[in-house]
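Trainee: I'd like to ask some things about the structure below.
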Amino acid sequence: GWVRRRAAMHSASKSWLLLSGFVLFYIIYLLFGALVFSSIERPAEDELRRDTQRLKEAFLNQSCVSAATLELFLSRVLAANKHGVSVLRNSSSRSNWDLASSMFFANTLVTTVGYGHPTPLSDAGKAFSIAYALIGVPFTMLVLTACVQRIMQPLVLAPVGLLQRSGLKPRPATVVHFLLLLLAVVLCCFLAPAAVFSALEASWTFLDSVYFCFISLCTIGLGDFVPAARPGQPYRALYQVAVMVYLFIGLMMMYLLLRTFHKMADVHGLTTFFQLPRCEASLMDDDTEPIVGNDPTPPRPKDRPATKPLDPGSQPSYNSINKG
């Protein structure tokens, strides 16, 4: 009774404390990467900026420009622009490797979004990117998984249970819940942010903004649209931090949507039909064997072998799939 409730409360508090530690360390890791990238890449960027300015002055001093000189000028200007350095007067003042921009780059690196603007200039920056991503990418996946594990109960299991108590059977309840969650994700992670981006980015249409949100949250990151890259962008540092928060929350919701679809497929027998692993038996099962655990006792053995065919008519509900 009371002892069990107190133990459960202590375990839950410990779980949330550990999750908070994960998120805090993730932020510290991004700041560490930002400081290193800024210290390595900013001098290289300044040198490239000076070289480009000298090239521009030499080109303007030419009384008669030959085809070879023009080709050389254009090739070097395009190469500098690839690294975020422009010869335009209104683009030469800001750095792409200040603290906020470096943190933004580190965030796109470890989330595998990778817009490609800017990119490391120096060999040291490229080598550090490899080492930083080797640790940062799996750690980001760990933090996202732990966060999704925490929101599965209030956003997935509890709503499906409520739908079942209202009279729906398990299968219709899972379909209705998935469609509602899909609608919420589309509105909150695509359409609403797209409206904000189209208002902040003067050259983006609403369709461009929706396209950017989709490319980003699917971690495709083509780099044809990059936020806060416009010269003279007001509150640029704050804007970049807001985009980082959006990317993290958006990726978390996309992962939650995939987990929900997987569980719905379990209930409808699709995973059995296609001989795929069930959600609670998958390697990413953070519900029955949580990453941020609530129960120190070992999990109970399965009641039935994994190879035993399941009757689609007797598939369990979400509440019976997950008891964690």
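The values are calculated or read from the model by the stated rules, or taken from the named source; none is laboratory data. Note that the coordinates shown come from a computational prediction; the quantities given were computed from them, not determined experimentally. When we count neighbours, we look across all protein chains shown, and the Cβ atoms used for this are built from the backbone with ideal geometry, even at glycine. Areas reflect the complete protein model, heavy atoms only, side chains present, ligands, DNA and RNA absent. Shrake-Rupley method; radii C 1.70, N 1.55, O 1.52, S 1.80 Å.
Trainee: Give, in nm to one decimal, the length gained when the segment between Phe273 and Val23 is fully stretched (0.36 nm per residue of separation minus the Cα-Cα distance).
Mentor: In short, 86.2 nm is gained.
Trainee: Please calculate how many Å² of accessible area segment 96-274 carries per residue, with a 1.4 Å probe and no DNA, RNA or ligand atoms counted.
Mentor: Spelled out: the 1.4 Å probe surface of segment 96-274, per residue, equals 44 Å².
Trainee: Any idea what % of Cα-Cα pairs in segment 96-274 are farther than 28 Å?
Mentor: 35 percent
Trainee: Which distance in nm do the two modelled labels at Leu179 and Leu78 give, with both placed 7 Å along the Cα-to-Cβ direction?
Mentor: So the two model labels end up 5.1 nm from each other.
Trainee: For segment 154-168, in order, what is each residue's ³J(HN,Hα) by Karplus, 6.51 cos²θ - 1.76 cosθ + 1.60 with θ = phi - 60°, in whole Hz (x at glycine and Pro)?
Mentor: With coefficients 6.51, -1.76 and 1.60, one gets x, 9, 10, 5, 5, x, 5, x, 5, 5, 5, 5, 7, x, 7 Hz.
Trainee: Tell me the accessible surface of Asp123 in square angstrom (1.4 angstrom probe, heavy atoms of protein chains only), to the nearest ten.
Mentor: Counting only protein heavy atoms, Asp123 exposes about 120 Å² to solvent.
Trainee: Something else about it: Based on the alpha-carbon set only, what is the convex hull volume of segment 1-64 divided per residue, in Å³?
Mentor: 64 Å³
Trainee: Under a plain spin-label model, where a point goes 7 Å from the Cα along Cα-to-Cβ, how far apart in nm are Met141 and Thr69?
Mentor: 5.4 nm
Trainee: Something else about it: Which loop chymotrypsin sites (Phe, Trp or Tyr not before Pro) in segment 178-218, with loop taken from DSSP, have no more than 10 other Cβ atoms within 10 angstrom of their Cβ?
Mentor: Passing both the DSSP loop test and the Cβ count: no residue.
Trainee: Sticking with this one: Using a 1.4 angstrom probe on the protein heavy atoms only, could you order Val110, Val175 from most to least accessible area?
Mentor: Accessible-area ranking of Val110, Val175, largest first: Val175, Val110.
Trainee: Tell me, what % of the accessible area of segment 1-64 is carbon and sulfur with a 1.4 angstrom probe?
Mentor: The nonpolar share, carbon plus sulfur, comes to 67 percent.
Trainee: By how many nm would the segment from Lys14 to Val196 grow when fully extended, if each residue of separation counts as 0.36 nm and the alpha-carbon distance is taken off?
Mentor: 61.8 nm
Trainee: Which of the listed residues, Ala194, Tyr246, Met152, is farthest toward the dipole's positive end in segment 96-274, when Lys, Arg count +1 and Asp, Glu count -1 at the beta-carbon?
Mentor: About the Cα centre, the residue reaching furthest to the positive side is Met152.
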